[in-house]
1. Can you name the helices (runs of 4 or more DSSP H) wholly within region 9-95 that have at least 1 residues being in contact (Cβ under 8 Å) with a residue 60 or more places away in the chain and out of contact with any helix residue (DSSP H, G or I) (no Cβ under 8 Å at 6 or more places or on another chain)?
2. Looking at region 346-353, can you tell me whether even one residue there is within 22 Å of the chain's Cα centre (by Cα), more than 12 Å from the ligand (Cβ to nearest atom) and on the phi < 0 side of the Ramachandran plot?
3. Identify, please: which residue in region 235-254 is modelled with pLDDT of 95 or more and in a helix (DSSP H, G or I) and is, among those, nearest to the ligand (Cβ to nearest atom)?
4. Yes or no: region 222-230 includes at least one residue that is modelled with pLDDT of 95 or more and under 19 Å from the mean Cα position of the chain (by Cα).
5. Of all residues being in a helix (DSSP H, G or I) and more than 8 Å from the ligand (Cβ to nearest atom) in region 288-303, which is farthest from the chain's Cα centre (by Cα)? Just the residue, please.
6. Sort out which residues of region 179-192 are crowded, with 19+ Cβ neighbours inside 10 Å, more than 16 Å from the ligand (Cβ to nearest atom) and part of a helix (DSSP H, G or I), and write them in order of number.
7. If you take the residues in region 96-108 that are assigned to a loop (DSSP other than H, G, I, E, B) and without any contact (Cβ under 8 Å) to a residue 60 or more places away in the chain, which one is farthest from residue 188 (Cα to Cα)?
8. Would region 270-286 turn up any residue that is within 9 Å of the ligand (Cβ to nearest atom) and in contact with a strand residue (DSSP E or B) (Cβ under 8 Å, 6 or more places away or on another chain)?
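The values are calculated or read from the model by the stated rules, or taken from the named source; none is laboratory data. Note that this is a predicted model, so its numbers are computed, not measured. As a convention, Cβ positions derive from the backbone with ideal geometry for all residues, glycine included, and neighbour counts pool all protein chains shown.
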Ligand code: COA
């Protein structure tokens, strides 16, 4: 038995490959750095989904269908009552997704891709006492998310930054939420059920729930001069440094640099708080040094969540909504894996080793 199934191979996939020693991520034959530089969210989604449904999928077709689907799912926003709006945003989004019908077809997939993109901004606006903004089907998914969040047209740099984020996190091997999605798909329960299970797995702080705490940590550190002392005291208390360490990567997570790169045009146009960016770089350097010193046998480097925190903060998402934005981007990976599992895999049913008491002899 391998605790946490570490290094256990549980699926064959043509979707993505995570090389933890080389620090390399390949998404359907394209390395992440090339994908982020050249592909939009819609192109990346088409790349991941093509071949898993009963029709060829192109980015242009996907963009048009997503626009219509966003308008269709917006009707469900009316179901948000005070009790749902009071929940953490990712939980409220999950509750609304649970209202959608379940199926394995392309239409279900498109609705699910649109759902969290529409529900999250609506939940956030209602929570602030504002009216939800209806989607604009002619915009790209990234531009529309920001428009629904802020009720104004986003800048090209903001759209490019969110697009880069959604591409960067679109798929990542057999992580916990993707595995959850495949387990559900293996029972043929349907894509909506797969996505609901995956969101539930994603929200934990050891998986997708870390970027909010990264900002909390930066706030608590306060200044570059304080970084070393603060981080040392956090480790003394037995805490983990959020945004560092990974189950697979033993070197720097390539997604961290993709996101740091995506932040640069925003920073150059004055749309990132320069103080926070500088502080983050200082904390990163101090954390790497102290982790190397305190955990010499365990290589611990920056993971995707560290620069996610800065990027989503610069785009004006509140920190408790970061996991929800992660879900918007990862839904395409969950759906592609669910379809791959349903089409090619068997029912997932591992065994356990019983270590409990045996029945007493009569
Ligand atoms: N800060 C401090 N120590 C850390 C650490 C971190 N961020 N991540 C791992 N470690 C230490 C553990 O304390 C443990 O030390 P020990 O052997 O002396 O007890 C050792 O490294 C191995 O940790 P383990 O929990 O077995 O690693 P894992 O592969 O199960 O964990 C994470 C991977 C991501 C859950 C873990 O690195 C973590 O909790 N990171 C912080 C949360 C985070 O950023 N999550 C987002 C992931 S993308």
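1. In region 9-95, 59-74 are the helices (runs of 4 or more DSSP H) which contain 1 or more residues that are in contact (Cβ under 8 Å) with a residue 60 or more places away in the chain and out of contact with any helix residue (DSSP H, G or I) (no Cβ under 8 Å at 6 or more places or on another chain).
2. Scanning region 346-353, I find no residue that is within 22 Å of the chain's Cα centre (by Cα), more than 12 Å from the ligand (Cβ to nearest atom) and on the phi < 0 side of the Ramachandran plot, so the answer is no.
3. So the residue we want is 235.
4. No: region 222-230 contains no residue that is modelled with pLDDT of 95 or more and under 19 Å from the mean Cα position of the chain (by Cα).
5. Among those residues, the one meeting the criterion is 293.
6. Residues satisfying the conditions are 181, 182, 183, 184, 185, 191, 192.
7. Across region 96-108, the extreme among qualifying residues is 99.
8. no
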